[in-house]
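The next block holds one structure in the form of structure tokens; read it before the comments.
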Amino acid sequence: MAKRIDVSGLTAFYGSHKAIEDISMTVEPRSVTAFIGPSGCGKSTFLRTLNRMHEVTPGGRVEGKVLLDEEDLYGQGIDPVSVRREIGMVFQRPNPFPTMSIFDNVAAGLRLNGGYKKSDLNDIVEKSLKGANLWNEVKDRLNKPGSGLSGGQQQRLCIARAIAVEPKVLLMDEPCSALDPISTLAIEDLIGELKERFTIVIVTHNMQQAARVSDRTAFFNLSAVGQPGRLIEIDDTERIFSNPSVQATEDYISGRFG
Ligand SMILES: Nc1ncnc2c1ncn2[C@@H]1O[C@H](COP(=O)(O)OP(=O)(O)OP(=O)(O)O)[C@@H](O)[C@H]1O
Ligand SMILES: [Mg+2]
């Protein structure tokens, strides 16, 4: 079956510092892949290479290949802005546009693309907020600022904003780390629903979360401080958490280091 994402030999730099080295992996459509590993091993860096966000950092540079549905995202003539539309991102800290209303936050990406009638916008905003399990909480205050919501609501607003443009892939970098346990469970449930429509890659430091939400888990590690991070293994989540192939994976998930 065709892979949604197919990465081969990916190395990423910040200036002369090689942050991650020689990463290869594939991701199936409509699946959840969790990235785990100790701080500094390059999970966020790798995630950002998948939608060409890494190069936004000064000195950010990538070698290797990333294919999305067999198209080379670093190929000639590929517009990074259109890549980021196909591969959306949700960050650690909810980052709604503070001066914008809830409605406008969700509609922002659609307006950038242009060509939507008011009635289409209304429909898509409603559908996206429903998709993010936020509609019931905000439907009576769509014109109020997004910054007036709780942290967990803001994160669901950011998810609504990300899914409004119908990306193929949703990248999430520790999306629950600023949230309380109830909001965290709400986002985890949501991930389970969203994977029916989207392909999801999530970075998490929470092993239970990786085990609960993901189909596949990738373990990254560093051989020493200052060395580039590498992909140690990727496998079915059940396997990674019950019988990983590499000792370092077992040590990490059982809390023996990292
Ligand atoms: N903007 C940057 N400029 C220079 N180096 C950076 C930058 N961001 C990250 N790095 C370096 O790249 C390496 C990987 O960092 P990255 O943030 O990807 O790790 P991580 O696995 O996401 O860590 P954490 O779990 O703490 O979020 C580290 O050595 C880090 O210092
Ligand atoms: Mg990180």
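The values are calculated or read from the model by the stated rules, or taken from the named source; none is laboratory data. Quantities reported herein were computed from a predicted structural model and do not represent experimental measurements. Glycine gets a Cβ as well: all are built from the backbone with ideal geometry, and neighbour counts include every protein chain shown. These area figures cover heavy atoms from the full protein model, side chains too; ligands, DNA and RNA do not enter into them. Shrake-Rupley method; radii C 1.70, N 1.55, O 1.52, S 1.80 Å.
For region 208-236, give me each residue that is in contact with a strand residue (DSSP E or B) (Cβ under 7 Å, 6 or more places away or on another chain), farther than 22 Å from Thr11 by Cα and crowded, with 20+ Cβ neighbours inside 10 Å.
Listed by number, the residues that qualify are Ala210, Val213, Ser214.
Restrict the check to region 164-177 and report whether at least one residue is touching a residue at least 60 places away in the same chain (Cβ under 8 Å), more than 16 Å from ligand 1 (Cβ to nearest atom), open to solvent by 10 Å² or more (accessible area, probe 1.4 Å) and in a helix (DSSP H, G or I).
Scanning region 164-177 turns up no residue that is touching a residue at least 60 places away in the same chain (Cβ under 8 Å), more than 16 Å from ligand 1 (Cβ to nearest atom), open to solvent by 10 Å² or more (accessible area, probe 1.4 Å) and in a helix (DSSP H, G or I).
Scan region 2-40 for residues that are small (Gly, Ala, Ser) and assigned to a strand (DSSP E or B) and report the count.
Residues that pass the stated criteria total 6.
So which of Arg84, Arg93 is closer than 30 Å to Asn143 by Cβ, more than 16 Å from ligand 1 (Cβ to nearest atom) and charged (D, E, K, R)?
None of the other options fit; the residue is Arg84.
Considering only residues that are β-branched (Val, Ile, Thr) and either over 14 Å from the mean Cα position of the chain (by Cα) or within 22 Å of Glu70 (Cβ to Cβ) (or both), which ones fall in region 1-59?
Within region 1-59, Ile5, Val7, Thr11, Ile20, Ile23, Thr26, Val27, Val32, Thr33, Thr49, Val56, Thr57 qualify.
Which of the residues that make up region 241-258 are among the hydrophobic types (A, V, I, L, M, F, W, C), farther than 20 Å from Asp173 by Cα and crowded, with 17+ Cβ neighbours inside 10 Å?
Of everything in region 241-258, those that are among the hydrophobic types (A, V, I, L, M, F, W, C), farther than 20 Å from Asp173 by Cα and crowded, with 17+ Cβ neighbours inside 10 Å turn out to be Phe241, Ala248.
Residues of region 78-109 being under 13 Å from the mean Cα position of the chain (by Cα) and in a strand (DSSP E or B), which ones?
The answer is Ile87, Gly88, Met89, Val90.
Among the residues of region 40-85 satisfying the criterion of being over 22 Å from Ile234 (Cβ atoms) and of a type in the set (Val, Ile, Thr), which is nearest to ligand 2 (Cβ to nearest atom)?
Thr57
Please go through region 1-51 and pick out each residue that is open to solvent by 20 Å² or more (accessible area, probe 1.4 Å) and either in contact with a Leu (Cβ under 6 Å, 6 or more places away or on another chain) or of a type in the set (Ser, Thr, Tyr) (or both).
Asp6, Ser8, Tyr14, Ser16, Ser24, Thr26, Ser39, Ser44
Would you check if there is a residue in region 83-102 being more than 24 Å from Gln154 (Cα to Cα) and hydrophobic (A, V, I, L, M, F, W, C)?
Taking every residue of region 83-102 in turn, at least one turns out to be more than 24 Å from Gln154 (Cα to Cα) and hydrophobic (A, V, I, L, M, F, W, C).
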